[in-house]
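Here the structure comes first, spelled out in C-alpha cells, and everything after it is commentary.
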Amino acid sequence: MELIDLIDINGNKINKTIVRGHSDEIGEGEYVPVVSIYLRSGIRYLIQYTSEAKGHVYATTGGVVPSGGEPLKQAVIEVKEELGLELKESDLKYLGRIVRDDIIMFVYIYEDDSCEIEKYPFKLQESEVEKIMWLSKDEIEDLILKGMLRESTCEHYLKFIK
C-alpha cells in the first residue's frame, strides 16, 4: 500500500494523505504530485517503451511522489529505479510543471552535450520498462502524430522541449 501526500495548486502539501489508486478521495483543489524526467544526449532524448503492466506506451521516465517525498528527490529515485542510472539532484534542471485533472507533474531534464550517457549500461526495471531508445525531436513528434506517446508526455514535450 503506497501513500501519497496531496498538494495544492501551488505545490504545497495540504495535510491530506491518500492510498495510491484511491483517486475518488481527491477533492477540489487537491492534486497528486508526479515527476517526469527527460534525459537528453546531444540532440536526442531517452524515451522508454513501458512494460505491458504499464500499458505498452512510449513515455519519459517518471512516477508518483510518495508520502514524505519531494519532487526533485523523487526524480532522482525514479531514474535510478527505472533505468539504473545514478544522478544527483544538482544534475537535474527543473523545466516547469503541468497541471492536468487531479495531477501536478513536475518536469525535469538531465542534459549531456557530450553524448556519453548513451554508452551507459542501463539496467531497466522490467516491471515498468521494456526497452529504451534515443530519439530526435522529429522521431518523438512522429510518435505523437501516431498516438503512440503517453498523453501526459505529449503535453509536457510540447510545452518544454519542442
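The values are calculated or read from the model by the stated rules, or taken from the named source; none is laboratory data. Note that the structure is predicted; figures quoted are calculated from it, not measured. Cβ coordinates were reconstructed from backbone atoms using ideal geometry, including for glycine residues, and neighbour counts include every protein chain displayed. Keep in mind that these areas ignore ligands, DNA and RNA; they rest on the heavy atoms of the full protein, side chains included. Shrake-Rupley method; radii C 1.70, N 1.55, O 1.52, S 1.80 Å.
When Glu86 is evaluated against the numbered criteria (1) in contact (Cβ under 8 Å) with a residue 24 or more places away in the chain; (2) of a type in the set (D, E, K, R); (3) more than 23 Å from Lys159 (Cα to Cα), which criterion, by number, is the only one it fails?
(1)
Could you list, in sequence order, the residues of the range 95-119 that are outside any loop (DSSP other than H, G, I, E, B) and among the acidic types (Asp, Glu)?
Glu111, Asp112, Glu116, Glu118
Can you name the residue in the range 1-33 that is among the hydrophobic types (A, V, I, L, M, F, W, C) and more than 16 Å from Pro71 (Cα to Cα) and is also least open to solvent (accessible area, probe 1.4 Å) among such residues?
So, considering only residues that are among the hydrophobic types (A, V, I, L, M, F, W, C) and more than 16 Å from Pro71 (Cα to Cα), the one least open to solvent (accessible area, probe 1.4 Å) is Ile18.
Take the conditions farther than 30 Å from Glu28 by Cβ, open to solvent by 40 Å² or more (accessible area, probe 1.4 Å) and without any contact (Cβ under 8 Å) to a residue 24 or more places away in the chain and apply them to Lys119. Does it pass?
Taking the combined requirement at face value, the residue satisfies it.
Here is a list of conditions, (1) of a type in the set (Phe, Trp, Tyr); (2) touching a residue at least 60 places away in the same chain (Cβ under 8 Å); (3) closer than 25 Å to Ile4 by Cβ, and Trp134 meets all of them except one; can you say which number that is?
So the condition that Trp134 fails would be (3).
What pairs come up if the first residue lies in the range 41-57 and is at positive phi, the second is hydrophobic (A, V, I, L, M, F, W, C) and part of a loop (DSSP other than H, G, I, E, B), and their beta carbons are under 8 Å apart, counting only those six or more places apart or on different chains?
Hits for this filter: Gly42/Cys115.
Of everything in the range 1-12, what is in a strand (DSSP E or B) and in contact (Cβ under 8 Å) with a residue 40 or more places away in the chain? Give them in sequence order.
Leu3, Ile4, Asp5, Ile7
Between a residue in the range 60-81 that is acidic (Asp, Glu) and any residue that is modelled with pLDDT of 95 or more, which pairs come within a Cβ distance under 7 Å, given they are 6 or more apart or on different chains?
Glu78/Val35; Glu78/Ile37; Glu78/Thr61; Glu78/Gly62; Glu78/Gly63; Glu81/Gln125
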